[in-house]
Each structure stands twice: as C-alpha cells, then as structure tokens.
Amino acid sequence: MAKKVIEIKDLVKTYILSEEVSVQAIKGVSFDFNEGDFVSIMGASGSGKSTFMNILGFLDAPTSGTYLLDGIDGSTLDDDQKAEIRNKKIGFVFQGYNLLPRTSAMENVELPLFYKGGLLATELNKRAKELLDMVGLSGRYDHHPNKLSGGEQQRVAIARSLINNPSIILADEPTGNLDSKNTEEIMNLFTRLNKENGISIIVVTHEPDVAKYTDRKVLFKDGKIIDDSLIKKIKKSNKKK
C-alpha cells in the first residue's frame with residue numbers, strides 16, 4: 001500500500017480584507033496524496049488553486065482544518081520549523097524560474113545546500129553537476145541565466161528543487177513562460193523524474209496540454225474541489241496502417 005505523503009481534511013482559508021470584508025479562498029477541501037503520485041491541480045484564476053499550493057508548501061497557513069505532511073501536523077510548527085520542513089521535504093519550481101541572474105547554473109543549483117551548510121565545496125559541486133546532467137544540461141554548468149533559453153532556465157530550477165532530495169516537488173505553472181516545444185520537454189522531464197526516480201510531483205496549471213502528462217487531475221472552482229479523477233492515457237500503437 002502506498003505511503004501517504006499529504007493528508008488534508010476540511011481545509012479552509014479565509015483572508016480578512018477589512019472589518020467588514022473577508023474572502024474565503026478555500027472552502028472545506030479534503031485531499032490525499034500518496035508517495036509516487038503525479039497530480040495536476042487546475043482551475044480558473046481565483047479558483048483557489050494557488051492558495052492551496054501555498055498552503056501545501058508551508059508558504060501560507062490555513063484558517064482551519066488539518067494538513068499533515070509525512071505525518072507532521074503543520075499547525076503545530078513555528079516559522080523556523082516550517083522553513084526546516086520546506087528545506088528537507090519540498091522542492092519548489094516556479095513559473096518565473098527564480099534564478100539569481102549573476103550566478104552560474106551550477107551555483108544556482110547549489111544555493112539551497114550552500115545556505116544549509118555542512119558539505120564540502122567539492123561535494124556540493126559534484127551533486128549539482130549530477131543534477132544538471134540529469135536534467136540535460138551537461139556542459140552548461142558555468143552559464144548564467146541570460147545565456148540560457150527559457151526551457152534551460154527551468155531545467156536549472158528543477159535541478160535546484162532536487163538538491164535536497166525532497167519527498168515532493170511542488171511546481172506552480174512551471175511551463176507558463178514557455179513555448180509548446182519547451183513545455184513538452186519540461187513535462188517529459190517531470191514524467192521521467194516521477195516514473196524513473198520515484199519523485200512525487202504536484203503541478204499547478206491552467207493548461208490541459210500540461211495536465212495530460214500527469215496521472216490524476218484535481219479541478220478547483222470557487223475554492224472547492226469539484227473533480228478529482230485519474231487521467232486515462234492513450235496508448236500509442238506501433239502497428240503500421
């Protein structure tokens with residue numbers, strides 16, 4: 001039986017805008033996510049999907065309900081403990097790449113472990129190079145972001161998300177700034193990381209063509225999950241007509 005990585009029950013998030021005005025972004029959502037899952041979270045702008053992703057990453061806190069990550073109750077953690085959990089268990093990939101512009105690809109990948117400390121520079125270099133090789137950027141170690149294409153920058157961001165050996169990757173619109181060719185390459189990379197390396201992945205996207213790479217689609221509307229279903233894969237035939 002697959003291990004549960006995320007367990008969410010009756011999650012609510014309310015933003016207080018003023019004494020008279022409040023907005024309920026998440027309305028009693030329940031959600032489970034198992035080790036090795038590959039899930040897309042979809043919904044229109046304002047549906048609650050980004051708020052939900054921020055809660056999953058301990059970047060925001062729910063107003064009520066329970067959220068367990070690897071059995072740890074997020075409501076029992078202070079900010080420092082949440083930061084430690086993020087560093088150990090979660091790899092983030094964002095739409096805008098979030099790379100340091102004056103820093104090489106290898107140094108960008110090394111950054112989370114550099115701040116964490118405890119590793120020799122040679123070990124850090126070796127780990128970063130291995131990950132850049134894994135995402136198809138051999139020979140690009142010393143390139144700065146302005147010398148890399150959008151797809152290559154996102155590959156650096158993905159390599160950086162893996163540096164701490166996280167149990168889960170949270171990707172927020174990871175192909176939003178990419179053309180169709182680079183989108184395909186990035187989603188094929190995520191698929192390989194999931195199927196061959198066993199990494200659990202949640203992707204927030206508004207693009208059906210991105211969601212089709214995942215195994216399960218969760219659809220948000222008005223702060224609620226209105227659909228949670230497996231995605232049927234179409235098997236390609238090798239037979240000639």
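The values are calculated or read from the model by the stated rules, or taken from the named source; none is laboratory data. Note that the coordinates shown come from a computational prediction; the quantities given were computed from them, not determined experimentally. Cβ: placed from backbone, ideal geometry, glycine included. Neighbour counts: every protein chain shown.
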*Filter the range 204-227 for residues that are within 23 Å of T14 (Cα to Cα), part of a strand (DSSP E or B) and either more than 15 Å from the chain's Cα centre (by Cα) or among the basic types (K, R) (or both) and give the result.*
L219, F220, K221, K224, I225, I226, D227
*Hey, can you tell me all the residues within the range 89-103 that are surrounded by 19 or more Cβ atoms within 10 Å (Cβ to Cβ) and either hydroxyl-bearing (S, T, Y) or free of Cβ contacts under 8 Å to residues at least 12 places away in the same chain (or both)?*
Y97
*What pairs come up if the first residue lies in the range 14-31 and is over 15 Å from K49 (Cβ atoms), the second is among the acidic types (D, E), and their beta carbons are under 7 Å apart, counting only those six or more places apart or on different chains?*
G28/D10; S30/D10
*asked:* Among (1) out of contact with any His (no Cβ under 9 Å at 6 or more places or on another chain); (2) within 25 Å of A211 (Cβ to Cβ); (3) at pLDDT below 95, there is one condition S45 misses while meeting the rest; what is its number?
replied: (1)
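Kindly indicate which of D32, D80 is over 30 Å from N146 (Cβ atoms) and part of a helix (DSSP H, G or I). Explain how you work it out, then say what you get.
Working: D32 fails: part of a helix (DSSP H, G or I).
D80 is the lone residue from the list that is over 30 Å from N146 (Cβ atoms) and part of a helix (DSSP H, G or I).
If you check T66 against the conditions, is it at pLDDT 90 or above and part of a strand (DSSP E or B)? Full working, then the answer.
Details: at pLDDT 90 or above: yes; part of a strand (DSSP E or B): yes.
When the stated conditions are applied, T66 passes them.
For (1) in a helix (DSSP H, G or I); (2) touching a Lys or Arg at 6+ places or on another chain (Cβ under 9 Å); (3) farther than 27 Å from D215 by Cβ, each residue gets a yes or a no:
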| position | (1), (2), (3) |
| --- | --- |
| E7 | no, no, no |
| V12 | no, yes, yes |
| M53 | yes, no, no |
| D60 | no, yes, no |
| E107 | yes, no, yes |
